[in-house]
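Input: a single structure, listed below in C-alpha cells.
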Number of protein chains: 2
Amino acid sequence: MTHPQSNAVVLLSGGLDSTVTAAIAQQDGFRIHCLTVSYGQRHGVEVLRAQAVAAALGAGGHVIVTVDLRALGGSALTADLAVPKDRTERERAGEIPITYVPARNTIFLSLALAHAETLQAQAIYFGANVLDYSGYPDCRPEFIRAFEAVARLGTKMGVEGRAIEVRAPLLMLSKAEIVRRGQELNVPFELTHSCYDPGVDGVACGRCDSCRIRREGFRQAGVEDPVPYAIL
Amino acid sequence: MTHPQSNAVVLLSGGLDSTVTAAIAQQDGFRIHCLTVSYGQRHGVEVLRAQAVAAALGAGGHVIVTVDLRALGGSALTADLAVPKDRTERERAGEIPITYVPARNTIFLSLALAHAETLQAQAIYFGANVLDYSGYPDCRPEFIRAFEAVARLGTKMGVEGRAIEVRAPLLMLSKAEIVRRGQELNVPFELTHSCYDPGVDGVACGRCDSCRIRREGFRQAGVEDPVPYAIL
C-alpha cells in the first residue's frame, strides 16, 4: 500500500489485461492517470473502449497520444498483413507472432515515463503478461527491469532519487487468473475489447489469437464473458 | 569499419549535432536511414531542415514520425514557457534546463529502435553530448548503456543474438570539436538549425542557450558559421 494520493500512470489499451491492471493500481492505493497510445492500429475501436473504461474506473485523467507507427514499418497490427485465425495453443507457442510490433512496449513505456515525470507519478502500471504471449520479447521480466534502469537514469526524477517504478502485476498470471482478479475488483468486462481484427461494426472476431486466449481464459475461470463475438 | 551495406538508423533533428552524427555514421561505413521526430516543438522548422540535410547527405531513407508530446505535458520546448535568453556558461551549468523534455531521448531512441528492427539495422546513431548539456539526465553514458540493454532484451533481433548498438559519437566532444569533425566530413552546416526560439521567418535568435553554445563552438573552432542570426 502507498499514500492514497500518489499518482500512477496506467497504460490503458481498453483490453482486458490493461483494464484489470488499472483496477489493481487503484487497489494498490494510487490515483490513476490513464495513457492510451493510438498507433495507427487496425483495432482503432480500442481507443473508444479505453475512454469508456477510464471513465468507468473514475481515473484522475486520461490522455491519448497518437504515434503513427506505420511510418516505422512492420507488423500485422499496423500493416496490411493477415491476422492469423483459429490457431491452437500449440500453434501459437514458441514463436514470435507476426502481430509483434517492433519495440512497441519500449515506445509505450517511454511515453508513459514522460507522462509519469510530468505528473511526478511514483509508478507506471502496464498489463504485460509472460505466459500467454511468451513470444513477445518485450513482455519479459528482464525487459521490464532493464526499462526501470532507463527510467532511473534517464529522468530528472530518477537523478533526484525518486525513481519511477514499472509494475506489471499480471506478468506471471494465466488468463483465467486475470479474469478472476478482474471479477474480484468488479472490472467492467463489458467495456473491454481484445480482438486484433474486429468487424466494421466493432464486433470481436472470436478467432484471432487474442480472442481465443481471452475466451479460453473466461471459460477456465468459470466467468461469463459479456462481450459479443462474431462466432459462437 | 563495418560491412558497407549495413544499415544504421540516425536520429536526425536537422541541428548541428545530429547532422555531424549522420556524417560520422556514413564514415563508419553505414547506409543511413534518418528518423526525425516531429513532437509539437516550437521549432518546427527543424523538420524542414532535417529533410534538406537527409537529402544532401544522400540518406537511404528518411521517415518523419509525429508524436504530440504536448499531450504528455511539460517543458519550454513543447509548452508555452519562456525560453531562457542570453545566459552565460556559468548560468547554464549545474541545473537541468527548463527546456528539458521529460524522457525525450528515451522516446526518440524507442522510435529509432522500432525502425532499426524493421530495417534489420545494426546500429542507432544519435547526437547526445554530455558536456554542453550536462543537465540532461538522458544524455549520459550510463543512460545510453541502459537503453542498449532495453534494445537487447526487448526486441526480436536482440533475442536472436543480433543486438542493436546505440552509438553517440559526439558524447564526449566539445562543441568546437563537433564543428571540426563536421568540417572534416564536409557537413552542410548551412542547412543545419539549432535555435530553440527562431523568428516567424525561421531565423535563429542567436540568444537562446542552443544558439549561444553553437556560436561559441564555431568561434572556438575557428570556423565560420554560415547560418544567419537575428543578432550579431
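Quick look at the values:
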item: Scan of region B:25-62 for residues that are in contact with a Phe, Trp or Tyr (Cβ under 7 Å, 6 or more places away or on another chain) and not in a strand (DSSP E or B), ordered by number; result: B:ALA25, B:HIS43
item: Residue within region A:117-124 that is at pLDDT 95 or above and under 16 Å from the mean Cα position of the chain (by Cα) present; result: yes
item: Check on B:ALA176, within 24 Å of B:GLU46 (Cα to Cα), surrounded by fewer than 21 Cβ atoms within 10 Å (Cβ to Cβ) and of a type outside the set (D, E, K, R); result: yes
item: Test result for A:SER174, modelled with pLDDT under 95, among the hydroxyl-bearing types (Ser, Thr, Tyr) and over 30 Å from A:THR118 (Cα atoms); result: yes
item: Segments classed as helices (runs of 4 or more DSSP H), wholly inside region A:106-221, with at least 2 members that are of a type in the set (Gly, Ala, Ser); result: A:141-153, A:175-184, A:209-221
item: Any hit, region B:126-139, residues being of a type outside the set (A, V, I, L, M), farther than 15 Å from B:SER18 by Cβ and modelled with pLDDT of 90 or more; result: no
item: Matching residues, region A:191-204, being out of contact with any Ser or Thr (no Cβ under 9 Å at 6 or more places or on another chain) and either modelled with pLDDT of 95 or more or crowded, with 19+ Cβ neighbours inside 10 Å (or both); result: A:PRO198
item: Failed condition for B:ILE144, given (1) among the hydrophobic types (A, V, I, L, M, F, W, C); (2) within 13 Å of another protein chain (Cβ to nearest Cβ); (3) in contact with a helix residue (DSSP H, G or I) (Cβ under 7 Å, 6 or more places away or on another chain); result: (3)
item: Matching residues, region A:12-68, being touching a Lys or Arg at 6+ places or on another chain (Cβ under 7 Å) and under 26 Å from A:ASP197 (Cα atoms); result: A:GLY14, A:LEU16, A:VAL20, A:GLY40
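The values are calculated or read from the model by the stated rules, or taken from the named source; none is laboratory data. For clarity, every value in this text was computed on a predicted model and none was experimentally measured. Here Cβ is always computed from backbone atoms with ideal geometry, including for glycine, and neighbour counts include all displayed protein chains.
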